[in-house]
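Working notes, beginning with the structure itself.
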Amino acid sequence: MEFEKLGVFYLGRTKTKEGLLLYDSKDLVTHAVCVGMTGSGKTGLCITLLEEAAIDGIPAIIIDPKGDLPNLLLTFPNLSPQDFEPWVEEGDDAAQQANLWKEGLAKWGQDGERIKRLRDAADFRIYTPGSNAGLPVSILKSFAAPPETIRQDNESLAERINTTVTSLLGLIGIDTDPIRSREHILVSNILNQEWSNGRDLDLAGLIRKIQLPAIAKIGVMDLDSFFPPNDRFELAMALNHLLASPSFASWMEGEPLDIQKILYTDKGKPRLAIFSIAHLGDAERMFFVSLLLNQVLGWVRTQSGTTSLRAILYMDEIFGYFPPVANPPSKLPLLTLLKQARAFGLGIVLATQNPVDLDYKGLANTGTWFIGRLQTERDKARMLEGLEGIAAGTGQKFDRQEMEQLLAGLDKRIFLMNNVHDDAPEVFETRWAMSYLRGPLTRAQIKSLMDPLKETVTPAPALHAPTIADAPARNERSVLPPEITQYYIPVRSSGGANAKLSYQPMLLGAAEVHYNKPVEVTQQLTLLAEIPDGPVSLDWSQAIPLDLPVEDLESEPEASATFVEVPARATKAKSYATWSKDLSNWIYRNQRLELFESPTLDIVSNPGESERDFRVRLQQLAREKRDEAVEKLRRKYAPKFEQLEDRKRRAEHAVEREKEQAKGQKLQTAISFGATLLSSFMGRKRVGMSTLGRATTAVRGAGRSMKEADDVGRAEENVAAIEQKLADLDAEFKAETAALERSIDPQTEELGKVSFKPTKANVAVKLLTLAWAPYWHDAQGETRPAWE
């Protein structure tokens, strides 16, 4: 197929050049806006763009306020009426709809095989925050400390805090002003204190911090004068009511808002993740969209720079989220993404049917505009005004009259594409979508699509905890020599009703392991081990990894906790020196830097990078190499094509010229013959010399006519020969492109494994201490770690 080319999206057919509209995926890195009234085909165009992205291995975050985008899951390779039956509108005939889709696809050179290719290329999921209809999504991670790249940038951290606090307080009905609202100022200070130190928070922890903040002053005023305890309690209660509400429970369930994990499956397959928010109220929508945009922004800043398209962020209706004057919580992170995301390969696509309520200044650097039929003259005038302002700000040429004429001629499924990467605007008709566009899905229909996936999702295994002996617990700690350090692992979970907290004495070892190759890297290793009693030596292989920075260890226990007695060996300082040496030797003998290796791209994974994340990174590297190779191919073949096209044009001109000459010669020959015959017939009884001369001339003219006819034939053969060379060159180009596409497939490549061992000198035990590990004991006699 002519449209199956690397790195291009097949969107439709141009109206002016009668050719295919193939949109270069790299152009989307400079973002796009799609505008069109209801019924213009705007949603269909955007769905086709997302289909092409999926086929090209580009993942997408899709925010869907209206419910249309789950149509992406209605793809039926067999195009059978049985597949369409559950989804057709009441009164519609499934067989008729199946036939309509089959014929529509065929007119655009598509079929069931291409639909199958779409389904195989990506994973499709529907998330429903605040609902169990689709896959639930947990907002708990939204209060986790942002990545270090954001924490080190004061302006970025302030933006993240501002939007998080504004959207959270808006959810409980507090309309806040970041400058005047004491609620906003207090919560912002709490988040700033925790996040700046890399500490995560959840909603329950935030409520506790509001009641008892570790802040003495706000500005120059002491805390209680600025925000008295009783008033802080009311704010804490408002948030607690939200947390305790049964309807809010679904916000805490499901997958966390981890953008990297949402964009790719566990095996590294790209995913189109649809966040359906049509069921939410306005405040809940704003709350979730703001949190999601912040998470995307945090993810973007952890990515490496690229000029190739890495992922897409698509929002189906931007109305209310990016207004020209007001500043809702969603606007600031979206504006920041529009400015910064292009450098990291994230393409943003925004769609709206309301061109009046758009911040065109914020969209000034948008590279592509898809404009469909507009409803009112006011909409057209605002659209023209916005485009003219953007052109003036970027130095682009803008012909208002021409643009106005183009907009006036748009019909259903006819769009104007204004792409800064092209020489001129292009009018085109959108192709037939492979997805069945049946309109918004209900929650019940979303549930029927996602329930099979819910059954396959298994919860993450809990961290294995050491067995606790039924040793008697007491209210006081053992008395230890002062040279023995002791710390307390912080309590991270709630014990529930009637649960009791006790501390178990354990050994905590923290070490640094340095590797010089293949990369210069230092790994931090923290292990928690049971203390052996009696002559049994400590077995570090039975220790569990502890995902806890040493800096987070506490110096005091929780109140009302009990303590298990410390084993005798752990009361002697010399034991710790022995255990420290044992730990160092165990790490040297057993610790390895295990990395994945890609033979095709000749690259190894980063330390700690999972196979899934490595494959994801390989896909981006392969895409960049592919784009670079395709560009080289284009540069290689472009002069050859241009030369042959030029020869073809000259040969065609030669054919026309020879035809004209042959036509003239035939006419002259016919006149000569005619004059000779007429003279013979009319004048004389005998043929004179002049008549004989004319006859001779006519014969010579006939000979020249035959020669001219031969010249035309040779010229046409020359054109045919050049056309064959063009066809051969095109086949050669396609063959090289196909070979390039087959050469790199990180999803299916068999990865190798390489292992690196540290030297003894590169193993350093930084801390070996007695650690009090907290455990909850419930009324049923079950025990579980309190630090998880």
Any residue that is more than 36 Å from the chain's Cα centre (by Cα), surrounded by fewer than 18 Cβ atoms within 10 Å (Cβ to Cβ), at pLDDT below 85 and more than 25 Å from residue 760 (Cβ to Cβ) - is there at least one of those in the range 537-554?
no
Within the range 374-392, residues open to solvent by 70 Å² or more (accessible area, probe 1.4 Å) and assigned to a helix (DSSP H, G or I) come out as 377, 378, 385, 388, 392
Residue check, residue 234 under 28 Å from residue 492 (Cβ atoms), of a type in the set (D, E, K, R) and free of Cβ contacts under 8 Å to residues at least 12 places away in the same chain:
yes
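Rundown of residues vs (1) buried (at least 20 other Cβ atoms within 10 Å of the Cβ); (2) touching a residue at least 24 places away in the same chain (Cβ under 8 Å), yes/no style:
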| site | (1), (2) |
| --- | --- |
| 99 | no, no |
| 104 | no, yes |
| 110 | yes, yes |
| 113 | no, yes |
| 122 | yes, yes |
| 133 | yes, yes |
| 137 | yes, yes |
Kindly check whether there is at least one residue in the range 259-272 that is modelled with pLDDT under 90, out of contact with any Gly (no Cβ under 7 Å at 6 or more places or on another chain) and surrounded by 22 or more Cβ atoms within 10 Å (Cβ to Cβ).
no
Test: residue in the range 755-775 that is crowded, with 18+ Cβ neighbours inside 10 Å and either touching an Asp or Glu at 6+ places or on another chain (Cβ under 7 Å) or farther than 30 Å from residue 514 by Cα (or both)
yes
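Looking for whichever is open to solvent by 20 Å² or more (accessible area, probe 1.4 Å) and either in contact with a helix residue (DSSP H, G or I) (Cβ under 7 Å, 6 or more places away or on another chain) or closer than 30 Å to residue 259 by Cα (or both) here; the options are 607, 557, 567. Which one fits?
Of 607, 557, 567, the one residue that is open to solvent by 20 Å² or more (accessible area, probe 1.4 Å) and either in contact with a helix residue (DSSP H, G or I) (Cβ under 7 Å, 6 or more places away or on another chain) or closer than 30 Å to residue 259 by Cα (or both) is 607.
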Test for residue 363: is it modelled with pLDDT under 90 and either at positive phi or of a type in the set (A, V, I, L, M) (or both):
yes
So, residue 64, is that one within 18 Å of the chain's Cα centre (by Cα), touching a residue at least 40 places away in the same chain (Cβ under 8 Å) and farther than 27 Å from residue 624 by Cα or not?
yes
Within the range 18-53, count every residue that is open to solvent by less than 10 Å² (accessible area, probe 1.4 Å), small (Gly, Ala, Ser) and farther than 17 Å from residue 72 by Cβ.
4
Going by what's in this entry, would residue 370 be described as modelled with pLDDT of 90 or more, surrounded by 18 or more Cβ atoms within 10 Å (Cβ to Cβ), assigned to a loop (DSSP other than H, G, I, E, B) and not polar (S, T, N, Q)?
no
Residue hits (the range 476-528; out of contact with any Asp or Glu (no Cβ under 8 Å at 6 or more places or on another chain) and hydrophobic (A, V, I, L, M, F, W, C)) are 479, 480, 484, 497, 508, 510, 511, 513, 519, 521, 527, 528
Given the criteria at negative phi and open to solvent by 40 Å² or more (accessible area, probe 1.4 Å), does residue 214 qualify?
yes
Look through 338, 239, 291 and report the one residue that is of a type in the set (A, V, I, L, M, F, W, C), under 30 Å from residue 630 (Cβ atoms), open to solvent by less than 20 Å² (accessible area, probe 1.4 Å) and in a helix (DSSP H, G or I).
338
Can you pull out the residues in the range 54-74 that are under 21 Å from residue 345 (Cβ atoms), in a helix (DSSP H, G or I) and open to solvent by 10 Å² or more (accessible area, probe 1.4 Å)?
55
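The values are calculated or read from the model by the stated rules, or taken from the named source; none is laboratory data. On a predicted model such as this, the values are computed, not experimentally measured, just so you know. For neighbour counting, all protein chains shown are included, and Cβ atoms are generated from backbone atoms with ideal geometry for every residue, glycine included. When the accessible area is computed, the model is the full protein with side chains, heavy atoms only, and any ligands, DNA or RNA have been set aside. Shrake-Rupley method; radii C 1.70, N 1.55, O 1.52, S 1.80 Å.
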